[in-house]
Amino acid sequence: MKCEVVAVGTELLLGQIVDTNSSWIGEQLAAVGIDSHFQTKVGDNPRRIADALRLALSRSDAVIVSGGLGPTQDDITRDVIAEVMGVELVHDEMVAAKIREMFSSRGREMPANNLRQALVPDGASTMDEQPGTAPGLVCPMVVDGVDKVVYAVPGVPMEMRQMVGGTVMTDLRRRAGDDATIASRVIRTWGNSESGLAEVLADHIDRLDSEGHATLAFLASGVEGLKVRITAKGPDQASVSRLLDAEEAEVRAALGDIVFGVDDDTMESVVLAGLARSGQTLAVAETISGGYMASRLTPAPGSHVLLGAVVATGDAVRQRLYRLAEVEVADSDRGSVAEAAALAEGVRQMFDADVGLATAGLSDTRRPSGEVAVAIATSSGVDTVEWRLPRDHDRVRQFSCIGLLDRVRRTVIAADGR
Ligand code: ATP
């Protein structure tokens, strides 16, 4: 089974939008072993979309098209598919009713334009998932005597993912004659490079390749760390879950404490949950990270543990925190571990928290930017560390915060042992 991806949208060609849909779809296809040899981007032009579709259909069994299913005149994907199928567009009253209902549930009347979205190529079916107004389309067709299919999904990533993850993958795997159950689990890690992980897991991957029940893939995810995705295949859900559990245990044993969570866990949710388990509260003072830590912690599950956060950029607030910590910080110590320690202890006192965290650093010429100091203050003392990070302000903010949370996980939470 071969499946191509065609992303429709002139913005994609002009570089106004990055085509993340195609890469996500590519990942899903690879995970279930469907070959995907071509990905095409094409502008909102009927002739060129038709050319792209015909070419894709000439060399693959299935094509997933994303984008161009909106209500406006330049949303022409459904028209072009009908032309390639050699059929008319027909009005689908069920779809029209669904769209009308979406508008009326928000107290609005459906604009006439949206009726375009209820037009479906004759012989195509619509997908059950429909989070927005655009229905996904399953368009079977015969090309040179061979059964093929085009799936059309909206460009909006959230809508596209629901449809591809649901109807499209199920239908593709049925067409490929694959009735096995497939599931994935993502192991979240922080603190090793991709090549480092690959080296540690090399023997394990070789063994998996020879056995053929499960695969491992590495996904470098910037400030979110490195993800190791385990995909397992089996006759039913229970056997796949057993395989995933066994693989997860082996990966965790091989990687040790760089593993901080699985699937939807984030560094902040793991740290907050760890602190909550031991009944500890948290306060944060940030200079160099300018509120990034607070913005990650406040929406996370378990954020009730965070008693407060201060963006301590002004002189007065810094001095106040130094005084609460009962230390003096010389001007020449700005941005150093000495300042980070004073800020962490000061903010711990300010909010009467069990754990105080601080990020400090200088973004002026006194020290090379990228050098940051972080500190963790608890009742038993202050732990500090200095890192040299890439000279890029966003990355400095992100990596200092996630690195600091990781240090909390490895020290305060690990020491608690729960
Ligand atoms: P809608 O019904 O919402 O108009 P649509 O099918 O017409 O959906 P487009 O208008 O092509 O989709 O795209 C809607 C938005 O989805 C774009 O503005 C863009 O933000 C995002 N988008 C579209 N294509 C892609 C893509 N290939 N990768 C990532 N994002 C995309």
(message) If the requirement is being within 18 Å of Leu29 (Cα to Cα) and within 24 Å of the chain's Cα centre (by Cα), which of these qualifies: Leu197, Leu219, Leu244, Leu226?
(response) Leu219
(message) Give all pairs with beta carbons closer than 6 Å in which a residue from the stretch 122-136 that is near the ligand (Cβ under 10 Å from one of its atoms) meets a residue that is aromatic (Phe, Trp, Tyr); count only pairs at least 6 apart in sequence or on separate chains.
(response) none
(request) Can you tell me which residue among Thr287, Thr313 is in contact (Cβ under 8 Å) with a residue 60 or more places away in the chain and of a type outside the set (Asp, Glu)? (result) Thr287
(request) Output the residues belonging to the stretch 7-21 that are of a type outside the set (A, V, I, L, M, F, W, C) and more than 6 Å from the ligand (Cβ to nearest atom). (result) Thr10, Glu11, Gly15, Gln16
(request) Test Ile376 against the stated conditions and say whether it is touching a helix residue (DSSP H, G or I) at 6+ places or on another chain (Cβ under 7 Å), assigned to a helix (DSSP H, G or I) and either among the β-branched types (Val, Ile, Thr) or without any contact (Cβ under 8 Å) to a residue 12 or more places away in the chain (or both). (result) no
(message) Anything in the stretch 175-203 that is open to solvent by 30 Å² or more (accessible area, probe 1.4 Å) and in a loop (DSSP other than H, G, I, E, B)? List them, or say none.
(response) Ala176, Gly177, Asp178, Asp179, Trp190, Gly191, Asn192, Ser193
(request) Quickly run through the stretch 160-174 and pick out the residues that are within 16 Å of the ligand (Cβ to nearest atom) and either open to solvent by 30 Å² or more (accessible area, probe 1.4 Å) or outside the structural domain of Asp61 (by TED's automatic domain parsing) (or both). (result) Arg161, Gln162, Gly165, Thr167
(request) Check Ala62, Ala97, Ala112 and return the single one that is open to solvent by 10 Å² or more (accessible area, probe 1.4 Å), away from the ligand (no atom under 16 Å from the Cβ) and of a type in the set (A, V, I, L, M, F, W, C). (result) Ala97
(message) Quick check on the stretch 237-249. Is at least one of its residues at pLDDT below 90, of a type outside the set (Lys, Arg) and over 30 Å from Ala344 (Cβ atoms)?
(response) yes
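Identify the residue in the stretch 44-59 that is open to solvent by 10 Å² or more (accessible area, probe 1.4 Å) and among the small types (Gly, Ala, Ser) and, among all such residues, is farthest from the ligand (Cβ to nearest atom).
Taking the candidates together, the pick is Ser58.
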(message) Only one of Thr411, Thr365 is under 23 Å from Ser269 (Cα atoms), surrounded by fewer than 19 Cβ atoms within 10 Å (Cβ to Cβ), modelled with pLDDT under 95 and polar (S, T, N, Q). Can you tell me which?
(response) Thr411
(request) Specify which of the listed residues (Glu27, Glu4) is more than 8 Å from the ligand (Cβ to nearest atom), surrounded by 15 or more Cβ atoms within 10 Å (Cβ to Cβ) and either more than 30 Å from Phe103 (Cα to Cα) or not basic (Lys, Arg) (or both). (result) Glu4
(request) Can you give me the number of residues within the stretch 300-355 that are open to solvent by 60 Å² or more (accessible area, probe 1.4 Å), under 16 Å from Ala373 (Cα atoms) and more than 33 Å from the chain's Cα centre (by Cα)? (result) 2
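The values are calculated or read from the model by the stated rules, or taken from the named source; none is laboratory data. This one's a predicted model, so the numbers in the text were calculated from it and none came from an experiment. Note that each Cβ is placed from the backbone with ideal geometry, even for glycine, and that neighbours are counted across all protein chains shown. All accessible areas refer to the heavy atoms of the entire protein, side chains included, with ligands and DNA or RNA removed. Shrake-Rupley method; radii C 1.70, N 1.55, O 1.52, S 1.80 Å.
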